[in-house]
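Here's the structure, in structure tokens; my notes come after.
Any read-out appearing in this document is the output of simple, stated calculations on the displayed coordinates, not a laboratory observation. Computed from a predicted model, the values in this text were never measured in an experiment. Cβ atoms come from the backbone with ideal geometry, glycine included; neighbour counts cover every protein chain shown.
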Amino acid sequence: MPSKLFSAPVQQSFNQHFNHIVGQSQAVELLVQAIIRQRIAPGYLFIGPAGIGRSLVATAFTTILLHSPDGSSDNLKRRIQARNHPDLLWVEPTYLHQGKLLTVSEAQTAGLKRRGLPQVRLEQIRDIARFLSRPPLEAERSVVVIESAELIAEAAANGLLKTLEEPGQATLVLIAPDQQTLLPTLISRCQTIPFRRLGPSDMAQVLTTTDHIEILDYPEVLSLAQGSPGAAIASWQQLQTIPPDLLQQVSQPIRNIRTALELARQIVQTLEPESQLWLLDYLQQNRWQQGHAHGMEKLELARKQLLRYVQPRLVWEVTLMNLI
């Protein structure tokens with residue numbers, strides 16, 4: 001339908017929902033135009049690296065889609081942010097523990113020893129189908145958002161295809177880093193919305209707004225983040241878990257086998273698995289910036305081995321000895 005269905009003030013109100021989004025003007029414009037022209041697709045694929053605003057845009061987009069003329073906009077926004085609107089289902093990858101599905105945050109709270117990556121499971125896809133089998137309760141449509149869609153298990157992805165073919169009065173939003181991680185049949189049923197990495201000025205704006213301005217004084221963290229404020233914040237938090245003297249020792253040239261073995265022992269005893277993976281990324285970035293190509297492939301191999309649950313101390317001993 002033509003855009004004249006909406007007055008200028010109404011169109012402006014759509015844009016206001018995205019005022020807090022930084023550096024994603026193309027994605028916002030595509031979504032706003034879809035709303036203005038009343039051409040909402042049954043499925044959207046938000047493509048881009050983590051930490052650049054995909055979930056924030058999904059929340060703003062959902063707020064517009066679930067708005068009802070007789071409802072409070074502020075109250076609606078709070079309900080959607082809290083994920084407790086009856087016409088919204090927000091799906092996250094889960095771990096299976098003692099017959100229960102736990103999100104990443106729930107697993108951390110429970111102190112669960114996590115092996116491998118979480119998944120969006122077939123049971124969760126069936127929950128989506130049940131959720132969409134009933135008409136919306138308050139809004140004109142239902143909305144389903146699937147975070148980390150690249151982690152949809154194969155059987156679950158095949159099940160999701162049927163829902164995307166006939167979503168009924170609903171819109172589904174899949175969030176993923178790139179198209180290569182998804183089934184082509186899923187991609188073909190969604191309208192792709194591209195998200196880009198942020199430039200230095202946009203990065204500074206986001207980090208300042210979110211009270212992380214101190215990160216701007218750490219170029220190595222910004223370099224690791226590669227234009228993702230979320231990644232910069234996550235890297236900064238990881239940096240705080242590593243003792244400064246340990247970081248300094250492992251960043252310097254390793255002179256002998258004894259030093260390598262001692263460092264390996266300290267790393268494994270001091271750092272959690274996630275911090276060890278971050279340290280490998282940090283060391284790779286550090287060597288690249290200093291123009292030292294030697295050992296880069298060894299560090300990458302160590303990362304792959306840790307992800308495959310090879311004994312961590314053995315991985316670090318061999319890696320550090322190879323860097324002598």
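List of remarks:
- Cα long-axis angle, helix 54-65 against the chain (0 to 90 degrees, to the nearest 10): 10 degrees
- Dipole magnitude of the chain, debye to nearest 20 (Cβ charges: Lys/Arg +1, Asp/Glu -1, about Cα centre): 580 debye
- For LYS304, a cut-off of 17 angstrom between C-alpha atoms picks up these aspartates and glutamates, skipping any fewer than 8 places away in its own chain: GLU272, GLU274, ASP281, GLU317.
- Annotation note: trypsin sites (Lys or Arg not before Pro) in region 24-87 located in DSSP loop regions with a Cβ neighbour count of at most 15 within 10 Å are ARG37, ARG39, ARG83.
- Additional length obtainable on full extension of the chain from THR103 to VAL318, 0.36 nm per residue less Cα span: 74.0 nm
- Cα long-axis angle, helix 122-132 against the chain (0 to 90 degrees, to the nearest 10): 20 degrees
- Helical runs (DSSP H, four residues minimum) scored at -39500 (n - 2.57) apiece and divided by the length of the chain put the mean residue ellipticity at 222 nm at -15500 deg cm²/dmol.
- Angle in degrees between helix 312-322 and the longest Cα principal axis of the chain, rounded to the nearest 10: 60 degrees
- Region 46-100 versus region 278-324: alpha-carbon centroid distance in Å: 38 Å
- Computed over the chain, relative contact order equals 19 percent, with contacts defined as Cα pairs under 8 Å that lie 6+ residues apart.
- Environment charge of GLY227, counting only residues whose C-beta is closer than 11 Å and scoring Lys/Arg +1, Asp/Glu -1: +1
- Packing-based exposure ordering (other Cβ within 10 Å, fewest first) of ILE215, ILE21, ILE146: ILE21, ILE215, ILE146
- Ordered from longest to shortest, the equivalent ellipsoid semi-axes for region 200-322 are 27, 15, 13 Å, each the square root of 5 times a Cα gyration tensor eigenvalue.
- Dimensions of the chain along the principal axes, based on C-alpha atoms and rounded to the nearest Å, stand at 73, 45, 33, largest first.
- Taking only alpha carbon atoms, region 3-194 gives an Rg to Rh ratio of 0.96, where Rh is the Kirkwood radius.
- Within the chain, antiparallel bridges make up roughly 20 percent of the DSSP beta bridges whose residues both belong there.
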